[in-house]
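What follows is a set of notes on a single structure, which appears directly below.
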Amino acid sequence: MKLREPLYALLALCGLIGTWHYNLQYFAQGGSASLLDFVRQGLVNPASTSLTLDLTVAFVVFVVWVFPEARRIGMRFAWIYPLLGAFLAFSFAFPLFLYVRERHLRLHVVSAGGS
């Protein structure tokens with residue numbers, strides 16, 4: 001097993017715990033469960049707008065890339081990662097996809113005689 005697998009798993013866990021620590025605070029303070037309202041809250045000043053746009057563009061690139069990449073290597077259920085990114089946390093979904101991808105490559109490519 002390469003170092004990337006456990007690293008991606010650890011980063012996915014950090015992404016889930018880190019974001020939901022603050023998401024739960026947001027909801028406890030009366031924040032809306034609407035994804036659109038949540039994103040609007042990220043557009044309140046230039047710094048938060050910059051971070052929100054940065055994250056949004058990265059997420060769109062991820063969504064465009066994840067389906068052909070999963071198809072290319074024979075991974076199933078690629079649709080779950082964009083859903084996890086949209087409704088839980090992109091910082092969870094992206095490293096989780098990379099973890100599953102690394103594991104898939106290790107189990108399928110190596111066992112098939114690949115590199």
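Among the numbered conditions (1) within 18 Å of the chain's Cα centre (by Cα); (2) assigned to a helix (DSSP H, G or I); (3) surrounded by fewer than 16 Cβ atoms within 10 Å (Cβ to Cβ), the only one that Ala47 does not meet is (1).
Answer with yes or no whether Phe87 is surrounded by fewer than 10 Cβ atoms within 10 Å (Cβ to Cβ) and at positive phi. For Phe87, the condition - surrounded by fewer than 10 Cβ atoms within 10 Å (Cβ to Cβ) and at positive phi - is not met.
Here's the yes/no breakdown for (1) farther than 18 Å from Gly18 by Cβ; (2) of a type outside the set (Ser, Thr, Tyr):
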residue: Thr56; (1), (2): yes, no
residue: Arg72; (1), (2): yes, yes
residue: Ser91; (1), (2): no, no
residue: Leu98; (1), (2): no, yes
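Only one of the numbered conditions (1) in a loop (DSSP other than H, G, I, E, B); (2) at pLDDT below 95; (3) not aromatic (Phe, Trp, Tyr) is not met by Ala86, and that is (1).
Look at Ser48 and say whether it is within 20 Å of Phe87 (Cα to Cα) and either among the aliphatic types (A, V, I, L, M) or at pLDDT 95 or above (or both). The answer is yes for Ser48.
Restricting attention to segment 3-31 and to residues that are over 18 Å from the mean Cα position of the chain (by Cα) and surrounded by 11 or more Cβ atoms within 10 Å (Cβ to Cβ), the residue that is farthest from Glu102 (Cα to Cα) turns out to be Gly31. Restricting Phe38, Phe67, Phe77 to those that are in a helix (DSSP H, G or I) and either at pLDDT 95 or above or of a type in the set (D, E, K, R) (or both) reduces the list to Phe67. Looking at Ala28, is it small (Gly, Ala, Ser) and either touching a residue at least 60 places away in the same chain (Cβ under 8 Å) or within 29 Å of Leu107 (Cβ to Cβ) (or both)? Taking the combined requirement at face value, the residue does not satisfy it.
Scanning segment 51-64 for residues that are over 27 Å from Gln25 (Cα atoms) and either at pLDDT below 95 or exposed (fewer than 12 other Cβ atoms within 10 Å of the Cβ) (or both) gives Val61, Val64.
The values are calculated or read from the model by the stated rules, or taken from the named source; none is laboratory data. All values reported here derive from a predicted model rather than from experimental measurement. Neighbour counts run over all protein chains shown; Cβ positions are idealised from the backbone, glycine included.
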